[in-house]
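Encoded as structure tokens, the structure appears first; notes follow it.
The values are calculated or read from the model by the stated rules, or taken from the named source; none is laboratory data. Values in this document were obtained by computation on a predicted structure and should not be read as measured data. Backbone-built Cβ (ideal geometry, glycine too); neighbour counts: all protein chains shown. Remember, those area values only see protein heavy atoms, side chains included, never the ligands or the DNA or RNA. Shrake-Rupley method; radii C 1.70, N 1.55, O 1.52, S 1.80 Å.
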Amino acid sequence: NENETVDIENAIIKIGGLLALGFGDAGSEIIAQNIAMSKSGDINPMLNGHKKIAIFGFCDIRNFTDVTEVLQEDVMMFVNSISLVVHSVVDAFAGAANKNIGDAFLVVWKIPQSELAPISETGELGLMNTRVVSNYADFSVMAFLKIYAKINRYLDILAYRENRKINRRL
């Protein structure tokens, strides 16, 4: 049946998307290597890794425990409002959201492999074009400035500042 094939294809695409989301970029590469190298279908989690150069950023929601206790089931709406700002801005400035853990967001700007020099005899990973690396550093700083500005203007988030229960608690 033609519809069954389309349904299976869609399910595989969704599963692939969930795996990429769950395992992140590095995990996706490991899974792809395993699939390409495996003849028996076994997965080898001990494949050699690759050194990467990246700029990491970290955002944390202040007083999150107190806000969680006040908002209770509505806390996800609060976190999702902040997440929308963080993820969209980081993406616009050539970065990627790496991990969300409750009140924290880890974001990353990976330096493209094409900008890296071969690994030296001492195991150091060098840079070929420091201008590109400097640009990524600038992108990361600009993203955090933009996040800070947007959070202080975004109406959905500003509404929480007016919440009497939160204000009393804090």
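Does M77 meet the test of being aliphatic (A, V, I, L, M), open to solvent by 70 Å² or more (accessible area, probe 1.4 Å) and under 18 Å from the mean Cα position of the chain (by Cα)?
Here the answer is no, as M77 does not meet what is asked.
Within the stretch 151-165, identify whether any single residue is part of a helix (DSSP H, G or I), modelled with pLDDT of 90 or more and open to solvent by less than 50 Å² (accessible area, probe 1.4 Å), and answer yes or no.
Yes - at least one qualifying residue is present in the stretch 151-165.
Which one is farthest from N98 (Cα to Cα), of the residues in the stretch 1-54 that are modelled with pLDDT of 70 or more, touching a Lys or Arg at 6+ places or on another chain (Cβ under 8 Å) and not charged (D, E, K, R)?
I53
Here is a list: V70, V107. Which entry is among the β-branched types (V, I, T), over 17 Å from I166 (Cβ atoms) and modelled with pLDDT of 90 or more?
The match here is V107.
So, in the stretch 128-159, how many residues would count as being touching a helix residue (DSSP H, G or I) at 6+ places or on another chain (Cβ under 6 Å) and farther than 14 Å from V89 by Cα?
Count: 5.
For the stretch 84-105: of the residues being more than 11 Å from the chain's Cα centre (by Cα) and surrounded by 17 or more Cβ atoms within 10 Å (Cβ to Cβ), which is nearest to D138 (Cα to Cα)?
In this case the residue turns out to be F93.
I'd like to know if the stretch 119-127 contains one or more residues that are exposed (fewer than 12 other Cβ atoms within 10 Å of the Cβ) and among the aliphatic types (A, V, I, L, M).
no
Do we find a residue being more than 18 Å from F56 (Cα to Cα), assigned to a helix (DSSP H, G or I) and within 18 Å of the chain's Cα centre (by Cα) anywhere in the stretch 127-139?
no
Scan the stretch 135-145 and tell me whether some residue there is among the hydrophobic types (A, V, I, L, M, F, W, C) and modelled with pLDDT under 90.
no
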